[in-house]
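Notes follow the structure.
FYI, it's all coordinate maths here, none of it is from the lab. None of the values given here were measured: they were computed from a predicted structure. Positions of Cβ are generated from backbone atoms using ideal geometry, with glycine treated the same way; all protein chains shown enter the neighbour counts.
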Amino acid sequence: ADIPVICIDGPTASGKGTLAAAVAARLGYHVLDSGALYRVVGLAAERAGLATDEAALADPAHAERVGALAAQLPVRFADGRIWLGDDDVTDAVRSEAAGMAASRVSALPAVRAGLLALQRGFRRLPGLVADGRDMGTVIFPDAPLKVFLTASAATRAQRRYEQLISRGETASIDSLLADLEARDARDRTRAVAPLEPAQDAQLLDNSAQTIDASVATVLAWWQRCR
Ligand code: C5P
C-alpha cells in the first residue's frame, strides 16, 4: 500500500483516459484503464455466446456465468494494444456498442468482484495512475490523490464525435449525446460502485480547459500530497 496511486474517475468521455496517460507519462508511472476491462468482459461474453442484453443479465445464473468469465479474463495490455487471449481486440473494444455492453455487464456485482484482484494487481512500483468510475471509492480507497473529472455533456459528446471521426468512423452528435447520457444514468444509479466522487476527491471540470492545463493541475495536487 506504500506504492503511490493516483485515481482519476468521472463520467463517459470526460477525458479521463487522456489525462491519466499524460500524468503517468510525466511521472513514469503505470496506467490502469479499468473501463477497458469492462469492455473486454462484454466482448468476451458475446464471443462465448453469453448475451449481454439487460433481459439476459437479469437472470442470476446467467450473471454468474458472466462473472466467472470476468474472474478468469485472459486479458493483456502490451505496447498500447489490448489482447483477449490471442486476439488483438484494441479496436473492437473501442466501439460505442462495446461501451454500452460494458456499462450493462459492469452493473453486475459478480463482474465487479471478478475484476477486483486483477485491478489491484496493476499497483506496482514506481506508481500507478488508474482511471475509471470507482478507482477512488472501491478499488484504491487509500489512494493519496483522487480526482473526479467532469465536463459538460455537450463537451463530452463533441469530443467523442471528433475521436470517432478522426478514426474514420461515422457518428452523429445527437445519438452520441443520447448514448452517453444513458450510460451515465446507468453508471450513477446502479446499486454497486455507482459513479460518484469519493468523499476526499478533488473535483476538476475540464470543459473549458486544455489537456495541458488539466495535467498541470493534477501534477500540482500530486506535489502537495507527497
Ligand atoms: O471508461 P469507459 O467508457 O471505457 O468504460 C466503459 C464502461 O465500463 C462504463 O460506462 C462503465 O459502465 C464501466 N466502468 C465501470 N467501472 C470502471 C470503469 C468502467 O463500471 N471502473
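Of the residues in the range 24-63, how many are more than 16 Å from the ligand (Cβ to nearest atom) and exposed (fewer than 13 other Cβ atoms within 10 Å of the Cβ)?
9
Mind checking which pairs have a first residue in the range 119-136 that is of a type in the set (A, V, I, L, M) and a second that is surrounded by 14 or more Cβ atoms within 10 Å (Cβ to Cβ) and assigned to a helix (DSSP H, G or I), Cβ under 7 Å, 6 or more apart or different chains?
Between residues of the range 119-136 that are of a type in the set (A, V, I, L, M) and residues that are surrounded by 14 or more Cβ atoms within 10 Å (Cβ to Cβ) and assigned to a helix (DSSP H, G or I), the close pairs are V129/A20; V129/V23; V129/A24; A130/S34; A130/I139; M135/S34.
Looking at the range 167-198 only, could you name the residues that are among the acidic types (D, E), more than 14 Å from the ligand (Cβ to nearest atom) and assigned to a helix (DSSP H, G or I)?
Result: D174, single match.
Can you tell me which residue in the range 95-124 is nearest to L37 (Cα to Cα), limited to those that are surrounded by fewer than 17 Cβ atoms within 10 Å (Cβ to Cβ) and either charged (D, E, K, R) or in contact with a helix residue (DSSP H, G or I) (Cβ under 6 Å, 6 or more places away or on another chain) (or both)?
R120
Return the residue satisfying two criteria in turn: it lies in the range 117-148 and is basic (K, R) and within 14 Å of the ligand (Cβ to nearest atom), and of such residues it is nearest to the chain's Cα centre (by Cα).
R133
Report yes if S214 is surrounded by fewer than 17 Cβ atoms within 10 Å (Cβ to Cβ) and in a helix (DSSP H, G or I), otherwise no.
no
A143 - would you say it is part of a loop (DSSP other than H, G, I, E, B), at positive phi and crowded, with 17+ Cβ neighbours inside 10 Å?
no
Only one of G28, G42, G85, G67 is touching a helix residue (DSSP H, G or I) at 6+ places or on another chain (Cβ under 9 Å) and touching a residue at least 60 places away in the same chain (Cβ under 8 Å). Can you tell me which?
G42 is the lone residue from the list that is touching a helix residue (DSSP H, G or I) at 6+ places or on another chain (Cβ under 9 Å) and touching a residue at least 60 places away in the same chain (Cβ under 8 Å).
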